[in-house]
1. Please list, ordered by chain and number, the residues whose modelled amide H lies under 5 Å from the amide H of Val144; skip anything fewer than 5 residues away on the same chain.
2. I'd like the Karplus ³J(HN,Hα) series for the range 145-159: coefficients 6.51, -1.76, 1.60, θ = phi - 60°, whole numbers in Hz, and an x wherever there's a Gly or Pro.
3. Which cross-chain or sequence-distant (5 or more) residues have an amide H under 5 Å from the amide H of Leu162, H modelled 1.01 Å from N in plane?
4. If the cut-off is 25 Å between C-alpha atoms, which lysines fall inside it for Lys17, apart from same-chain ones fewer than 8 positions away?
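Derivation of every value follows stated rules applied to the coordinates shown; laboratory data play no part. It should be emphasised that the depicted structure is a prediction, and the values quoted were computed from it without experimental measurement.
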Amino acid sequence: WADAYSSQYGPIIGTIKKLESEYVKTGKASMRHYPVAFLGQESIDASNAAMCAKAQDKYWELHDALYVAQTPEENDGKYSKANLKILAQNISGLDQAAFASCVDGDTYVSTVDDMTSDWQAVSGANSGRAGTPTFYILVDASKVSAEKVSAAAGGSSFAWGLSSDGKTYLIVASPEYAKLKLALDALGN
């Protein structure tokens with residue numbers, strides 16, 4: 001991927017590895033991946049399925065299977081609930097019955113809706129449109145002042161706001177490592 005898209009996405013290539021090395025492995029930050037759904041029903045179903053797999057510690061395995069199955073067309077049936085269960089059959093150690101029940105029961109749809117709403121609100125405020133990839137810096141609102149979050153976000157020209165539950169500040173950040181580093185360093189430990 002990096003070779004094929006380096007001219008278009010060069011500044012973001014390697015961001016995750018650099019963040020893991022400098023912030024996650026040193027305990028300064030943690031990293032989470034949020035599946036958001038903004039491309040119709042199949043996007044919702046695929047995000048729900050990812051969370052169902054996550055419940056069995058198989059998130060990344062399903063994540064990778066979803067990307068391998070991806071085509072330029074959207075909502076063409078490839079991520080129907082039936083096809084999501086077929087994709088999951090190749091994931092070693094995944095309890096297929098529990099996964100199918102979770103997918104069919106829309107177990108995490110409300111969680112996906114909340115994550116998507118947060119992403120749309122903050123991403124839209126930052127860029128005028130929501131897009132991917134989107135990186136967030138999540139800050140516990142009980143531990144850091146709004147002024148400090150505002151300064152960290154403003155110094156990097158990022159939008160920020162509170163999550164839907166009011167407990168976490170979200171800073172929507174460029175996926176470029178240098179810009180993320182500025183904001184993270186401004187927040188301190």
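1. none
2. Working through the residues one at a time gives 6, 4, 5, 5, 5, 4, 5, 5, 5, x, x, 10, 6, 9, 7 Hz.
3. Leu170
4. Within the straight-line cut-off, Lys17 pairs with Lys25, Lys28, Lys54, Lys58, Lys179, Lys181.
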